[in-house]
Structure formats: C-alpha cells, structure tokens
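The next block holds one structure in the form of structure tokens; read it before the comments.
The values are calculated or read from the model by the stated rules, or taken from the named source; none is laboratory data. Predicted model, so just to flag it, every value in this text is computed and none were measured. No Cβ is skipped: glycine too gets one built from the backbone with ideal geometry, and neighbour counts run over all protein chains shown. The area values use the complete protein model at the heavy-atom level, side chains included, leaving out ligands, DNA and RNA. Shrake-Rupley method; radii C 1.70, N 1.55, O 1.52, S 1.80 Å.
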Amino acid sequence: MSKRSAGILMYRLGAAGIELLLVHPGGPFWAKKDHGAWSIPKGEYGPDEEPLACAIREFEEELGSAPQAAGASAFIELGELVQPSRKVITAFAVEGDFDPAELKSNHFELEWPPRSGRQQSFPEVDRVAWFAAAEARDKIQPGQSPFIDRLFATLSHKQR
C-alpha cells in the first residue's frame, strides 16, 4: 500500500494578486536546493486518520501555529496527486495569513555526516515564504504543482 500524506496550500491576496505559502524542507539534503525543492506543509497519516485532520496537524507542527480558518467548510479540497515516489498526497487550500518570521518548526534526528555515528537535530522546515503564483510554480516540487492549478481553477470558478 502506498504511503499517504495530507497538506495545506495557504493563500492570501497580496499587492500583486494571490500569493501562496510554501515551506522549504530542512536538513542537509535540501540545504542548497531551491527551485523545485519547496513544498506545501504536509505529513503522513494512517488509515484511521482523516486527511484534513492530518493536514491541520502537520501545518501546526511544521510552522508552529495552526491555520486560522472558520471551520472545515473554509478548506477547499484540491484532491490527490500520486508522486513519482508513489506516495499519494491529498491537499486542501485555505485563505489565511502567516508571518514567516514566526516559523517554529519541529525537529528530526539524523546521523550526520553519514556513517559518523553522530546524531544531529534539524528543523523539518528551515524556511517559509509567500510567493506569487508564477514563482511558486517554479519553487514547488514538480509533483505538487498541479495543486496550484487546481486552486486557481477553483477560485476562478467561485468568482463566476
């Protein structure tokens, strides 16, 4: 069975239009990667957990505060995407705001450098930023970019 993750694509209306909140993964593997490295805040869930509950929990764990939304109806379902790794990501969008200076990510332990026998602690997310749509499409991991298109299609449909 494929691993399953759920996450939130937060958006807001900025000076240049809609902006999207993305996170940069922490740890030594991602340290020097930028384009195609950013992600929506997300995490794995099991068969007994609802995807939206997981997405909200992971947002809070990775950023340090829960997304502020007026109930479950404020979240827009963006569906699922199968990643190249075969992991299935379920995403939700919500309008909100987050100050990147307030980032307080949880940490994970990793043997680093490899085969050194030394464990180091790294933040799960080392940066968070708001991006205009075109830049977000460039920054986000390619397997997640359709979530951006789905959000804009949904918002366009709601304006009619």
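Rounded to 0.05, the FRET efficiency of the GLU135 and ASP48 pair, given R0 = 41 Å and the Cβ-Cβ distance, is 0.65.
Let me have the 222 nm mean residue ellipticity of the chain computed from DSSP H runs of 4+ only, each contributing -39500 (n - 2.57), with the sum over all residues rounded to the nearest 500.
Helices in the chain give a 222 nm mean residue ellipticity of -6500 deg cm²/dmol.
Once the Cα atoms of helix 145-158 and of the chain are each reduced to a long axis, what angle between those two axes, in degrees from 0 to 90 to the nearest 10, is obtained? Tilt relative to the chain: about 20 degrees.
Approximating the spin labels as points 7 Å out from Cα along Cα→Cβ, the SER156-to-SER65 distance works out to 3.3 nm. Using a 1.4 Å probe on the protein chains only, how many percent of the accessible area of the chain belongs to carbon and sulfur? Heavy-atom surface of the chain belonging to carbon and sulfur, 1.4 Å probe: 52 percent. Divide the volume of the convex hull around the Cα atoms of segment 94-134 by the residue count and you get 116 Å³ per residue. Once the Cβ-Cβ distance of PHE108 and HIS35 is raised to the sixth power relative to R0 = 22 Å, the FRET efficiency obtained is 0.40.
Here is the P(r) of segment 25-97: all C-alpha pair distances, binned every 10 Å from 0, give 16, 47, 32, 5 in whole percents. Spin-label model, LYS3 to GLN120: label points 7 Å out along the Cα-to-beta-carbon direction sit 2.1 nm apart.
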